[in-house]
Amino acid sequence: TTPPEPFQKLVHQGMILGSDGEKMSKSRGNVVNPDDIVNAQGGDALRMYEMFMGPLEAVKPWQTEQVSGIVRFQNKVYNAVKNAVENKCIDMDEETTKIMHKTMKKVTEDIDSMSFNTAISALMVYVNHLQSLKDKVPVEAAENLALMISPFAPHLGEECWNMLGHENSLAYHSWVEYNEELCVDSTVTMGVQVNGKVRGEIEIPKDADQDLAMEEAMKQSRVAAQLDGKDVKKIIFVPGRILNIVAK
């Protein structure tokens, strides 16, 4: 159009169908009233479920029973933040630091590309890791969680932010910032094959050579058993991807 538009691009969202896979209509009796979902499970649950259903542009069937899964995830988020508040843990191990920065990068990029469903999936993985820390959830990790969850569940985000001792709304706080270097894995998990069949996995540095890969592979009991009494005829090594040992 000739006049300037108030937005840079237009995205057409997919239609949400009834649970029967048909277009919602009163005549089919498959209409879902969002007010009923809000009253039963909250506005955040409705909002997040709609974004978690699938790609924004895709046509998707509504499944009311699946909203409860989002409610359980919200409870996990709340409990993880509550854990950090109660235990006031400051230290953060290397694994948690890397997972946090990878999640911040993933969520940031996915929001920019409107891939909301995969952003929420990344947050679910992140929260599961925080739960595994039990009473040692770092405060910094919880604060970044509250910030990242807020675009999808704003009420929950604000509640968590307030629990963490912040008086002002998180809407006035800057978005999360990740360190690109911490988003890169220093190790890689590779499959180990013996005569073309997978017999185990090894975790080695990304720049590991064939000798180190073979050394780690031989520590795998299943691999060693398959090579017992056999001569190694050939080794096919693709760095970072696969190790295939041909033996007779």
ask   = If you scan the range 46-63, which residues turn out to be open to solvent by 20 Å² or more (accessible area, probe 1.4 Å) and in a helix (DSSP H, G or I)?
value = 46, 47, 50, 51, 52
request  = Please state which one of 66, 74 is open to solvent by less than 30 Å² (accessible area, probe 1.4 Å), closer than 19 Å to residue 53 by Cα, polar (S, T, N, Q) and assigned to a helix (DSSP H, G or I).
outcome  = 74
ask   = Does the range 65-72 contain at least one residue that is β-branched (Val, Ile, Thr) and either over 21 Å from residue 119 (Cα atoms) or over 20 Å from the mean Cα position of the chain (by Cα) (or both)?
value = no
task = Confirm whether residue 191 is touching a residue at least 40 places away in the same chain (Cβ under 8 Å), surrounded by fewer than 13 Cβ atoms within 10 Å (Cβ to Cβ) and either closer than 26 Å to residue 247 by Cβ or small (Gly, Ala, Ser) (or both).
result = no
message = Considering only the range 84-101, I want to know if a residue exists there that is without any contact (Cβ under 8 Å) to a residue 40 or more places away in the chain and closer than 21 Å to residue 154 by Cβ.
response = no
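Conditions tested, residue by residue: (1) within 30 Å of residue 50 (Cα to Cα); (2) in contact with a helix residue (DSSP H, G or I) (Cβ under 6 Å, 6 or more places away or on another chain).
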site	(1), (2)
142	yes, yes
157	yes, yes
171	yes, no
198	no, no
205	no, no
221	no, no
query = In this structure, does residue 186 turn out to be of a type in the set (Ser, Thr, Tyr) and modelled with pLDDT of 90 or more?
reply = no
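Mind listing just one residue for me: the one in the range 145-188 that is within 30 Å of residue 207 (Cβ to Cβ) and in a loop (DSSP other than H, G, I, E, B) and, of those, least open to solvent (accessible area, probe 1.4 Å)?
Per the stated criteria, the residue is 176.
Within the range 29-45, work out how many residues are more than 19 Å from the chain's Cα centre (by Cα) and surrounded by 19 or more Cβ atoms within 10 Å (Cβ to Cβ).
Going residue by residue through the range 29-45, those that are more than 19 Å from the chain's Cα centre (by Cα) are 29-43.
Then keep just the ones that are surrounded by 19 or more Cβ atoms within 10 Å (Cβ to Cβ); that gives 37.
Residues flagged as more than 19 Å from the chain's Cα centre (by Cα) and surrounded by 19 or more Cβ atoms within 10 Å (Cβ to Cβ) within the range 29-45 amount to 1.
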query = Is there any pair linking a residue in the range 106-122 that is in a loop (DSSP other than H, G, I, E, B) to one that is modelled with pLDDT of 95 or more, with Cβ under 9 Å and at least six apart or on different chains, and which?
reply = 115/109
query = Could we say that residue 136 is farther than 18 Å from residue 164 by Cα, basic (Lys, Arg) and open to solvent by 10 Å² or more (accessible area, probe 1.4 Å) here?
reply = no
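Among the candidates 217, 225, 208, 142, which residue alone is surrounded by 13 or more Cβ atoms within 10 Å (Cβ to Cβ), out of contact with any Phe, Trp or Tyr (no Cβ under 7 Å at 6 or more places or on another chain) and either under 18 Å from residue 247 (Cα atoms) or among the hydroxyl-bearing types (Ser, Thr, Tyr) (or both)?
217
The values are calculated or read from the model by the stated rules, or taken from the named source; none is laboratory data. Only a predicted model underlies this, so the values are computations on that prediction, with no experimental measurement involved. A quick note on method: Cβ atoms are made from the backbone with ideal geometry, for glycine too, and the neighbour counts reach across all protein chains shown. In case anyone asks, the SASA skips ligands and DNA or RNA and just uses the protein heavy atoms, side chains included. Shrake-Rupley method; radii C 1.70, N 1.55, O 1.52, S 1.80 Å.
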